[in-house]
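Here's the structure, in structure tokens; my notes come after.
The values are calculated or read from the model by the stated rules, or taken from the named source; none is laboratory data. Since the structure is predicted, the reported quantities are computational estimates derived from the model, not experimental observations. Positions of Cβ are generated from backbone atoms using ideal geometry, with glycine treated the same way; all protein chains shown enter the neighbour counts.
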Amino acid sequence: MEELILELKKEIIEVLNLEGVTPADIDENAPLFGEGLGLDSIDALELIVLMDKLYGIKISEASEGKEIFKSVQIMADYIKQHRTK
Amino acid sequence: MINLEDIYRHFKIEYLKFFKMDSLAKAAFLGAELVCKDINIDRTISKKDIAIVCFNRSSSLDNDMIYQNTIQDSENYFPSPSLFVYTLGNILTGEIAIRNKIEGETSFYVTENFSPELMHETIEAIFENKSINGLLCGWTEYFNDFCDILIMYIEKSNDNKNVVTKDNISNCYNNILWKN
């Protein structure tokens, strides 16, 4: 799981162009939106694409995404259970 | 080849949204930053009365091609939302407006070549609007690592006229600091 969390942090930093942020800066239990990383609605859409592209997980409902993207830890748990690649 | 991120860091600009922009918006943004950093554009004019107008040749084609790569292969079809939002050239005027809290009208024109005549005519037309007293105006071309940026800040004269001539615009463009 730790490996998946680290991989996820690296992917988030790269995909969302988070300048000056390292994996160590991201607390896997901290909220991804609303504070901390300062992500916006376009970032949320990029995360949906990331889930599909890397892990074969399709998120079609916005409310579903809201739950899954609460933190890196919750994302990683969801990926572990639902990944198809 | 100009590295836009290096310019950002060189001038110690603090605006993390910069890193999410496409190259065209980054280049135009940097041009506006360099113009605005030493002057208070709202020292006498409200930001509600300042407009933005930019011109270029390639619109957003540089980013369009990168976006196209995300949808080219039906087996690997992952359209990127963050690239998609920059598939319109006029987005850069919005980025400059948001950064500088400018609330006047914004417009963007795609034209074959840099044209002082067209730019001058457009400035005259914009300044006919009595509520517009200042204008960030520029040529903002970026395509395939070629970057050509001119941003000017123009204010109406006390008698409500545009004081900028076609020759002024030509001279500014021909004396541009960075061209590659």
- Item | Top-ranked residue in the range A:1-39 [being within 25 Å of residue B:6 (Cα to Cα) and of a type in the set (Asp, Glu); ranked as surrounded by the most Cβ atoms within 10 Å (Cβ to Cβ)] | A:11
- Message: When you scan the range B:71-93, do you find a residue that is touching a Pro at 6+ places or on another chain (Cβ under 9 Å) and within 14 Å of chain A (Cβ to nearest Cβ), even just one?
- Response: yes
- Among the listed residues A:37, A:6, which satisfies the condition of being out of contact with any Leu (no Cβ under 6 Å at 6 or more places or on another chain) and more than 14 Å from chain B (Cβ to nearest Cβ)? A:6
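Pick out the one residue from A:67, A:46 that is within 13 Å of the chain's Cα centre (by Cα), at pLDDT 90 or above, under 20 Å from residue B:17 (Cβ atoms) and among the acidic types (Asp, Glu). It would help to see each step written out before you state the result.
On the way: A:67 fails: under 20 Å from residue B:17 (Cβ atoms).
Result: A:46 is the single residue among A:67, A:46 that is within 13 Å of the chain's Cα centre (by Cα), at pLDDT 90 or above, under 20 Å from residue B:17 (Cβ atoms) and among the acidic types (Asp, Glu).
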- Does residue B:62 satisfy the condition of being assigned to a helix (DSSP H, G or I), more than 13 Å from chain A (Cβ to nearest Cβ) and of a type outside the set (Val, Ile, Thr)? yes
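Here is a yes/no grid of residues against (1) surrounded by fewer than 13 Cβ atoms within 10 Å (Cβ to Cβ); (2) more than 27 Å from residue B:133 (Cα to Cα):
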site	(1), (2)
B:39	yes, no
B:48	no, no
B:56	no, no
B:67	no, yes
- Item | Single residue of the range A:40-53 satisfying the filter (among the acidic types (Asp, Glu) and more than 7 Å from chain B (Cβ to nearest Cβ)) that is surrounded by the most Cβ atoms within 10 Å (Cβ to Cβ) | A:43
- Query: Considering the range B:71-110 alone, what residues qualify as being under 22 Å from residue B:20 (Cβ atoms), without any contact (Cβ under 8 Å) to a residue 40 or more places away in the chain and not in a helix (DSSP H, G or I)?
  - Reply: B:78, B:79, B:80, B:85, B:87, B:88, B:90
- Query: Restricting to the range B:14-55, what's the tally of residues that are under 16 Å from the mean Cα position of the chain (by Cα), more than 14 Å from residue B:90 (Cβ to Cβ), of a type in the set (Asp, Glu) and within 14 Å of chain A (Cβ to nearest Cβ)?
  - Reply: 0
- Where residue B:144 falls short, out of the listed (1) surrounded by 18 or more Cβ atoms within 10 Å (Cβ to Cβ); (2) closer than 21 Å to residue B:30 by Cα: (1)
